[in-house]
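Beneath this line is the structure, given in structure tokens, with notes to follow.
The values are calculated or read from the model by the stated rules, or taken from the named source; none is laboratory data. All values derive from a computational prediction rather than experimental measurement. Using ideal geometry, Cβ is built from the backbone for each residue, glycine included, and neighbour counts are taken over all protein chains shown.
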Amino acid sequence: MGDKSINNEFKILKRKKNSRAVNGADLPSDKNSALYKSVSGDMTSNIEAIKKVMGNPGDIQVREFAIICGIEISAAIIAIKGLSKHDLINGQILSSLMLDMRFKDAETVNEVFDRIKQNNLPDVYVNEEANIENIVSELISGNSVLLLDKAEKALVMGSQGWKERQVSQPITENVVRGPRDGFIENIDSNIALIRRRIKSFDLRVDSFKAGTQTKTDLYVVYLSGIAREEVVNEVKKRLGRIEIDSILESGYIEELIEDSPLSPFPMIEHSERPDKVSAAILEGRVAIMVDTTPFVLLVPTIFIQFMQSADDYYERYLIGSLTRSVRIAAYFISVILPALYIALTSYHQEMIPTPLALSIAASREGVPFPSIGEALIMEATFEILREAGLRLPQQTGQAVSIVGGIVIGQAAVQAGIVSQAMVIIVALTGISSFAIPAFNAAGSGRLLRFPLMLFAAFLGLPGILAGLSIITIHLCGLRSFGVSYLDPFISADKAVLDDTVIRKPWWSMLYLPGIIARKGKMRMRPGMKPTYRTKNRKNDGNK
Amino acid sequence: MRIISLVLVLAILILLTGCWNSREINELAFVLSIALDKAENGFKITAQIAKAEMYSKTTTGGAGTSEKEKPFWVISSNGKTIFEAVRNMAAISPRRIFWSHIKVIIINEELAKNNILEIFDFFSRNPELRLRTWIAITQGEAGKILEIVPLMEKEPSQNIEKIIEKANLSGKAYSIMLKNFLEEYLDPYMEPVASRIVVTEVNSRPTIKLEGASVFKSGGLAGWLNEDETRGLLWLKNKIRGSIEVVDCPYDGLPVTMEIKKGRTDIKSYIRDGVPAFKINAAAAGKLTEQSCTTEFNNPEAISALENALASVIHKDIESTVNAAQKKFSADILGFGREFQSAHKKEWRQISSNWSELFKSANVDINVKVEIPEVSLLAKPLVPRETASKTPR
């Protein structure tokens, strides 16, 4: 298990005097508190001090025993149940300490201590600690502590190990073709999944900690030489200013470091697919991994990324381009279709082809609400159904969708409360919003749909235009870590344009995206387009 | 603070409009066609309004009681002006009458003979009416046409619209949209032509038919073109493509049908002996689609003979139209004046005052060039082998 060299630990603990304290950063000011003590010669008092700092918890394990060598030394191993590997402590550490006689000629406690450290602990991570505070933080991260009577320091041994989920298929980002592994809740397994894919010397994994209570591990992962230095530094700078009690999910980090916190659009992409994250790192993005969550943040983020799915790059480019353009169309449908319907049916009836106008009029016959009211009712119903189906257990969830689909759809139409045309519109809108691979981007569409519907209801098509203009102006102003959110449509960087609405074939995407990676980085040698057949023919002719 | 004020401004902007001009689609009465007739002192307007609920697929209504109910409603009203008549209609209709979906405007002959300016002034001024509406003139009462229930289509205007849309398939009827009609009407160098609708009987039920064309002269209806003259007009207006010509076989005189694949006519103007003269160059490509003569049209001589036969038929058609325009109506429906004016601006100024006389007597040369690139898949006539073996010539 993991050894975490905490070289960049945040200086949260050394808070400024004037600033308001964050929970957990508020350490006792009493200099005589057990926390500030160092390990004394008396083992029992040391154990007491440790227990006192932690409030004598129920899940702490203290095993006192004796080491017999030249002298008899009483010793104790302290670990936390469930966080440490029991078989490692029992089978290897304790047995080697109790049975191994390699240090039996040692005369002093310090000598025994050094021999144990050098020879007797079959573990990668062994560390000397003299500070109670540090010992306790090692304990609560799962390591075990060996105390020797009369020694004024302790040995910390890496013994982290707890129950965790197996690497399994990512639930939120399904692909038809592509690797099936997904990130899990352990940051070290996750970084291993990345390293399995990128065996480059340039892969940098910078470690941080955040959260005064949770002390969550963060990794900033990037390719040096590809990722822009200013982006990497900006990420580190923004992570550095975080002062919060807890980080339970990467969403906390996302909200704390994003550029435009008030925008309805997601400013940072996340993924639980190692292949997607690796691809992003290879393109020069910076990945922020957070312990205890499978979701990894990727910066800088541009809007078009949310329309891309890993499949696009694994399927042949024609199919990839088709599915991607379908998704982009679906996003627009999910944002503007209800608004368009409202505008056309309540202001611009002349724009609807006659047969369609007549059948819409026929389906609205006897409906008591104006089309905006009808649309709001149906959209609200749909959102409730979606939310209900999402939270319920799977079997019940199906029942909800059946009840929703049949009862609301069928019965409401037959009762004449809503029109059939509106049911079609709402269904199409809902399905379109499901076609977008990124849930957070689809959410932005869901959010913007309602104001656009109001604009359409009050002003018709000019209203929709006004609403879309406001959205576009807002989008044009957004930036994510120094990159325009609407890029490549702003900078017209060719390497990124090749990978927007259509995905060009791999052999034609020669350069890495110049707006994200450093400029002019080649992805491949030019001339990779397969031309075997014509070559062979030429050769045949020559013979 | 900025955001709050922004939201406030937006809310005020939106809410102050108060849904102005908003109307639900089911509160409208969609007029699909209108017919204009002459009334004692002004106009009688007949509108065919769609009954929207009849367009729903799932009308569960009272089982079979009113099964034969018409999906439309015909109402009419009188007025001194068209607009007055239109507004009088509002007194009868519970729903707001909505004019944007009009397909056809049918005008009675008597009304069209008077000044049509009044009619088309209304139609071009009103923003709710669109210019992509078909224009047709009828001899009887126009309002009656809107009440003829078609056998195939759901309601009359769809029926009339579809008939007009494919008018050139037969090559015997003319069709024109309001936009183009107004263009020709407002052009000082030419006279407009519109469709003509007649009522015939099929299986002893009244049915509408598109036949010939109606010619206007100086703002009023002048008369009708017959079917041959209409075909010539289609040639001259470059609308003939897709139509057919029936040709007598050059060998045994039996009919051969040619489909016109390409048809292009240019009018050129000259000044010959101080008077304007015109040359009509028609270029056509045809395809043999049916033959009842036994000639095998698979050698160049036979084909060129057929080409000549087709050329003379086209020549005759165009000539009959030119004759009708010059002699029968002396109305420049062919655009000779427009062509002459743009080609000879200086001379036009001198002759324009005398144009109607000069047009009548202008010399017109007609040149027809026909090409038959193919004689369809079945090159030989469909005759039993013994007779076919004696290939004539």
Selected residue (criterion: farthest from the chain's Cα centre (by Cα)) from residues of segment B:118-158 that are farther than 24 Å from B:Val202 by Cα and hydroxyl-bearing (Ser, Thr, Tyr): B:Ser124
Residue identified as surrounded by 17 or more Cβ atoms within 10 Å (Cβ to Cβ) and of a type outside the set (Lys, Arg) among B:Glu109, B:Glu118: B:Glu109
Filter result for A:Thr292 (surrounded by fewer than 24 Cβ atoms within 10 Å (Cβ to Cβ), in a loop (DSSP other than H, G, I, E, B) and within 28 Å of the chain's Cα centre (by Cα)): yes
If you check A:Phe489 against the conditions, is it away from chain B (no Cβ under 12 Å), part of a loop (DSSP other than H, G, I, E, B) and surrounded by fewer than 20 Cβ atoms within 10 Å (Cβ to Cβ)? yes
In segment A:457-486, residue surrounded by the fewest Cβ atoms within 10 Å (Cβ to Cβ) [restricted to those that are over 26 Å from the mean Cα position of the chain (by Cα) and closer than 15 Å to A:Leu262 by Cα]: A:Ile473
Of all residues being aliphatic (A, V, I, L, M) and assigned to a helix (DSSP H, G or I) in segment A:230-265, which is surrounded by the fewest Cβ atoms within 10 Å (Cβ to Cβ)? Just the residue, please. A:Leu256
Those residues that are closer than 16 Å to B:Ile240 by Cα and loosely packed, with under 15 Cβ neighbours inside 10 Å, I need them from segment B:171-201; list them, please. none
Would you check which residues across segment B:74-100 are assigned to a loop (DSSP other than H, G, I, E, B), within 14 Å of chain A (Cβ to nearest Cβ) and of a type in the set (A, V, I, L, M, F, W, C) and list them? B:Trp99
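Go through segment B:122-148 and count every residue that is more than 14 Å from every other protein chain (Cβ to nearest Cβ) and either among the acidic types (Asp, Glu) or part of a helix (DSSP H, G or I) (or both).
First pass over segment B:122-148, keeping only residues more than 14 Å from every other protein chain (Cβ to nearest Cβ): B:122-125, B:135-148.
Next, only the ones that are either among the acidic types (Asp, Glu) or part of a helix (DSSP H, G or I) (or both) stay: B:122-125, B:141-145, B:147.
So the answer is 10.
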Can you say whether A:Gly416 is surrounded by fewer than 16 Cβ atoms within 10 Å (Cβ to Cβ) and over 30 Å from B:Val31 (Cβ atoms), as far as the supplied structure shows? no
Mind counting the residues in segment B:214-234 that are within 14 Å of the chain's Cα centre (by Cα), among the hydroxyl-bearing types (Ser, Thr, Tyr) and either modelled with pLDDT under 90 or in a strand (DSSP E or B) (or both)? 1
Determine which member of the set B:Glu201, B:Glu161, B:Glu211, B:Glu165 is within 9 Å of the chain's Cα centre (by Cα), of a type in the set (Asp, Glu) and more than 30 Å from B:Lys345 (Cβ to Cβ). B:Glu165
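The rows are residues; the columns are (1) out of contact with any Ser or Thr (no Cβ under 6 Å at 6 or more places or on another chain); (2) under 17 Å from A:Glu173 (Cβ atoms).
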| position | (1), (2) |
| --- | --- |
| A:Ser200 | yes, no |
| A:Glu229 | yes, no |
| A:Arg238 | yes, no |
| A:Ser246 | no, no |
| A:Thr293 | no, yes |
| A:Thr301 | no, yes |
Consider segment A:277-293. How many of its residues are over 19 Å from A:Ala210 (Cβ atoms) and in contact with a strand residue (DSSP E or B) (Cβ under 8 Å, 6 or more places away or on another chain)? 7
Keeping to segment A:400-427, report how many residues are under 17 Å from A:Glu387 (Cβ atoms) and of a type in the set (Ser, Thr, Tyr). 1
A:Ala438 passes all but one of (1) out of contact with any His (no Cβ under 9 Å at 6 or more places or on another chain); (2) among the hydrophobic types (A, V, I, L, M, F, W, C); (3) touching a residue at least 40 places away in the same chain (Cβ under 8 Å); which number fails? (1)
I'd like to know if segment A:421-433 contains one or more residues that are crowded, with 18+ Cβ neighbours inside 10 Å, assigned to a helix (DSSP H, G or I), of a type in the set (A, V, I, L, M) and within 12 Å of another protein chain (Cβ to nearest Cβ). yes
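For segment A:181-205, what are the residues that are in a strand (DSSP E or B) and either of a type in the set (Phe, Trp, Tyr) or surrounded by fewer than 17 Cβ atoms within 10 Å (Cβ to Cβ) (or both)? I'd like the intermediate steps shown before the answer.
To start, the set of residues in segment A:181-205 that are in a strand (DSSP E or B) comprises A:203-205.
Listed by number, the list holds a single entry, A:Val205.
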Matching residues in segment A:343-378 (more than 7 Å from chain B (Cβ to nearest Cβ), crowded, with 17+ Cβ neighbours inside 10 Å, over 14 Å from A:Gln420 (Cα atoms) and touching a Phe, Trp or Tyr at 6+ places or on another chain (Cβ under 9 Å)) number 3
Kindly provide the set of residues from segment B:19-70 that are within 11 Å of chain A (Cβ to nearest Cβ), assigned to a loop (DSSP other than H, G, I, E, B) and at pLDDT 80 or above, ordered by number. B:Ser22, B:Arg23, B:Glu24, B:Lys51
Here are the criteria: (1) within 14 Å of chain A (Cβ to nearest Cβ); (2) not in a loop (DSSP other than H, G, I, E, B). Tell me which single one B:Glu153 does not satisfy. (2)
Residues (surrounded by fewer than 19 Cβ atoms within 10 Å (Cβ to Cβ) and either of a type in the set (Val, Ile, Thr) or over 19 Å from A:Ala343 (Cβ atoms) (or both)) located in segment B:12-37: B:Ile12, B:Thr17
Which numbered condition A:Ile304 fails, given (1) assigned to a loop (DSSP other than H, G, I, E, B); (2) in contact with a Phe, Trp or Tyr (Cβ under 9 Å, 6 or more places away or on another chain): (1)
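So which residues in segment B:101-121 are part of a loop (DSSP other than H, G, I, E, B) and within 14 Å of chain A (Cβ to nearest Cβ), if there are any at all? Step through it out loud before you land on a result.
Residues of segment B:101-121 part of a loop (DSSP other than H, G, I, E, B): B:101-103, B:114-116.
Passing the criteria: B:His101, B:Ile102, B:Lys103.
With within 17 Å of the chain's Cα centre (by Cα), farther than 25 Å from A:Gly443 by Cβ and of a type in the set (Gly, Ala, Ser) as the only criterion, which of A:Ser278, A:Ser250 stands out? Step through it out loud before you land on a result.
On the way: A:Ser250 fails: farther than 25 Å from A:Gly443 by Cβ.
Matching residue, one of A:Ser278, A:Ser250: A:Ser278.
Just to be sure I understand, how many residues within segment B:1-11 are under 18 Å from A:Pro462 (Cα atoms) and either at the interface with chain A (Cβ under 8 Å from one of its Cβ atoms) or surrounded by 11 or more Cβ atoms within 10 Å (Cβ to Cβ) (or both)?
So the first thing to find is which residues in segment B:1-11 are under 18 Å from A:Pro462 (Cα atoms), and the list is B:9-11.
Still in the list and also either at the interface with chain A (Cβ under 8 Å from one of its Cβ atoms) or surrounded by 11 or more Cβ atoms within 10 Å (Cβ to Cβ) (or both): B:10-11.
Looking only at that region, the number is 2.
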Conditions first: (1) in contact (Cβ under 8 Å) with a residue 40 or more places away in the chain; (2) part of a strand (DSSP E or B). B:Glu201 passes all but one, so which condition is the exception? (1)
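Yes/no matrix, rows are residues, columns are (1) in contact (Cβ under 8 Å) with a residue 12 or more places away in the chain; (2) part of a helix (DSSP H, G or I); (3) in contact with a Pro (Cβ under 8 Å, 6 or more places away or on another chain):
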residue	(1), (2), (3)
A:Leu322	no, yes, no
A:Ser325	yes, yes, no
A:Val335	yes, yes, no
A:Leu340	yes, yes, no
A:Phe369	yes, no, no
A:Ala388	yes, yes, no
